[in-house]
Amino acid sequence: MEAVVRACAREGWPARVAAVISNRPDAAGLAFAAANGIETNAVDHRKFETREAFDQALSRSIDRFEPDLVVLAGFMRVLTDAFVERYAGRMINIHPSLLPAFPGLKTHQQALNAGVRVHGASVHFVTPALDHGPIIAQAAVPVLAGDDPAALANRVLAVEHIIYPRAVRWFVDGRLAIDGERVVLTPPEPQWLFADIAGEGV
């Protein structure tokens, strides 16, 4: 989220971050947003008896700001189908793996257990299927000898901070279209990033 906010300001996007909303009242991102003049709200999921009730409250909070795009960033709740369908085509997520590989949690441990030589992150439109949906951009990083989940996570995080703001900017500029299971970027440019050992794009 911070990377998106900073890129929007630095690059002068024809857009603004309308609000930052969290299901955790103590989330550090809320303090960051407030310090940067962005409205905030917390919808504590622990106060709701059902997932549906929480999602309804969350959607009411979101809709107050009339966003063109909902950006999930570090949001670890599974959303109901009704919520996802409400924002179909205008909600995106970043997942720390090269989807469709390693959906769900503990992706870095999954990658190490599988013995893959490259790992990474994917930005995708959100659909009712968990960690699924048309892929907007991906970034790949090497898996090195001696890696543990923390080291691999840090390498992936570095490229997440590159591709997520880039994908949001493409949406803002009206360059993304969904064609079945594929995302078309117009005019075309690489929708992938290969990182070197340090995690920097090449």
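Some notes on this structure:
- In the stretch 3-45, the qualifying residues are those that are among the hydrophobic types (A, V, I, L, M, F, W, C) and over 18 Å from residue 72 (Cβ atoms), and the one that is surrounded by the most Cβ atoms within 10 Å (Cβ to Cβ) is 13.
- Pairs, first in contact (Cβ under 8 Å) with a residue 12 or more places away in the chain and of a type in the set (Asp, Glu) in the stretch 159-185, second surrounded by 17 or more Cβ atoms within 10 Å (Cβ to Cβ) and assigned to a strand (DSSP E or B), C-beta under 6 Å, six or more apart: 160/94; 160/121
- Residue in the stretch 80-98 that is under 20 Å from residue 151 (Cα atoms) and among the aromatic types (Phe, Trp, Tyr) present: no
- Selected residue (only one of 55, 68, 81 is crowded, with 21+ Cβ neighbours inside 10 Å, more than 15 Å from the chain's Cα centre (by Cα) and either closer than 18 Å to residue 24 by Cβ or not β-branched (Val, Ile, Thr) (or both)): 55
- Taking residues in the stretch 84-95 that are under 13 Å from residue 129 (Cβ atoms), and partners anywhere that are small (Gly, Ala, Ser) and assigned to a loop (DSSP other than H, G, I, E, B), not one pair has Cβ atoms closer than 7 Å while being at least 6 places apart or on different chains.
- Identification of helices (runs of 4 or more DSSP H) wholly contained in the stretch 1-95 with 3 or more residues that are within 25 Å of residue 157 (Cβ to Cβ) yields 2-11, 28-35.
- Test: residue in the stretch 23-43 that is of a type in the set (A, V, I, L, M, F, W, C) and closer than 18 Å to residue 87 by Cβ: yes
- Test: residue in the stretch 70-77 that is of a type outside the set (Asp, Glu), at pLDDT below 95, farther than 21 Å from residue 178 by Cβ and touching a helix residue (DSSP H, G or I) at 6+ places or on another chain (Cβ under 9 Å): yes
- Note on the stretch 96-111: residues that are part of a helix (DSSP H, G or I) and buried (at least 16 other Cβ atoms within 10 Å of the Cβ) total 4.
- Selected residue [in contact (Cβ under 8 Å) with a residue 24 or more places away in the chain, surrounded by fewer than 17 Cβ atoms within 10 Å (Cβ to Cβ), closer than 16 Å to residue 88 by Cβ and not hydrophobic (A, V, I, L, M, F, W, C)] from 134, 128: 128
The values are calculated or read from the model by the stated rules, or taken from the named source; none is laboratory data. Keep in mind that this is a model prediction, so the values were computed, not measured. Cβ atoms come from the backbone with ideal geometry, glycine included; neighbour counts cover every protein chain shown.
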